[in-house]
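Beneath this line is the structure, given in structure tokens, with notes to follow.
The values are calculated or read from the model by the stated rules, or taken from the named source; none is laboratory data. Keep in mind that what you see is a predicted model, and the values were worked out from it rather than measured. Cβ coordinates were reconstructed from backbone atoms using ideal geometry, including for glycine residues, and neighbour counts include every protein chain displayed.
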Amino acid sequence: MTAPSPPLVIGSPSTPWPLGRVGPLLLALVLLLTAPEAAAQIVNVQSLFDESTSPPGLSGSAELSLDWRTGSTELVVVRGAVLGQWRTEKHTLLGVVRGEYGYAQDTLIVSKFLEHLRYRYRFTDWLAAETFVQHELDAFRRLRLRGLVGAGPRFTLWSTEAGSLILGAAAMVEYEQLRNDGEPDAGQERLDPRLSSYVMGRLRLMENMSLLETLYVQPRLTRFADVRVLNETLLVVEPNERFTFSIGFVLTYDAEPPATVSRFDTQLRSAIGVKF
């Protein structure tokens, strides 16, 4: 599914914000994004916080976009996200809230909402441990509720100014509840253990241009054929210290999705960022 329009990113995870300025903006956007039902089965949060560039302390960012079309195609899509990060030499805490809501020809085409909280403790330059909790809703995938909690190690295999390569794995427990509708699996509930593994690589192509590649694989531990995969390729350009531009392609796969939901999903998205 193709993202409707380039969003405007306000702030940056690499730029600290005073608490007095962050609070009102977070509250306003959270109220805006709390739709009744709402995000993808795998959410790539690894690319949201880069410890190699973000300074210690509190930082944050916000993203908001609107696509409004009239005429032969009537379409309204609102997308938004808020991100907060706190980091010290050993500790990193990340919180993310995302939402998307859209209508086309008076038909609901997308309704998503997600909250993700992640904590990371760094033992050495190459070894860290992280734990996370997540809650999401997604009307497009018929998810009334999805919650998960997990923990595991994170390994920095290579890290220089030219790039980095990171490997992570976590054991997690996932609970899903489908909405009550007319489908055969309506109202179904599942509680499954999964392995969440990922590989993330950053490559500095030029002084102001970087390529980021992330691959997630999440098999169900009681049935490895039930696997979910996400691959995200992101090109980031920073023309100056104030602005960033990124374009990315996301491919997801779910071996056993809910009834009527496709196994494959693709997304092409772009973003313009302003740093404060």
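Being within 15 Å of Leu137 (Cβ to Cβ) and exposed (fewer than 15 other Cβ atoms within 10 Å of the Cβ) is the filter here; which residues of region 66-118 pass it?
Within region 66-118, Leu108 is the sole residue that qualifies.
Give region 159-170 a look and list any residue that's surrounded by 13 or more Cβ atoms within 10 Å (Cβ to Cβ) and of a type in the set (A, V, I, L, M, F, W, C), or say none.
Of everything in region 159-170, those that are surrounded by 13 or more Cβ atoms within 10 Å (Cβ to Cβ) and of a type in the set (A, V, I, L, M, F, W, C) turn out to be Leu165, Ile166, Leu167, Ala169, Ala170.
What is the one condition in (1) farther than 16 Å from Gln134 by Cα; (2) in a strand (DSSP E or B) that Glu174 does not satisfy?
With (1) farther than 16 Å from Gln134 by Cα; (2) in a strand (DSSP E or B) applied to Glu174, the lone miss is (1).
Which of the following residues is out of contact with any strand residue (DSSP E or B) (no Cβ under 6 Å at 6 or more places or on another chain), within 30 Å of Pro258 (Cα to Cα) and aliphatic (A, V, I, L, M): Leu108, Leu148, Leu137?
Exactly one of Leu108, Leu148, Leu137 is out of contact with any strand residue (DSSP E or B) (no Cβ under 6 Å at 6 or more places or on another chain), within 30 Å of Pro258 (Cα to Cα) and aliphatic (A, V, I, L, M), namely Leu108.
Which residue out of Thr160, Thr156 is touching a strand residue (DSSP E or B) at 6+ places or on another chain (Cβ under 7 Å), over 29 Å from Arg79 (Cβ atoms) and of a type in the set (Val, Ile, Thr)?
Thr156
Quick one: is Phe155 modelled with pLDDT of 90 or more, under 18 Å from Ser196 (Cβ atoms) and exposed (fewer than 15 other Cβ atoms within 10 Å of the Cβ)?
The answer is yes for Phe155.
Any idea which residue in region 208-232 is nearest to the chain's Cα centre (by Cα), counting only those that are more than 16 Å from Ala169 (Cα to Cα) and outside any strand (DSSP E or B)?
The extreme case among them is Asn208.
Can we say Val236 is within 15 Å of the chain's Cα centre (by Cα) and buried (at least 17 other Cβ atoms within 10 Å of the Cβ)?
Here the answer is no, as Val236 does not meet what is asked.
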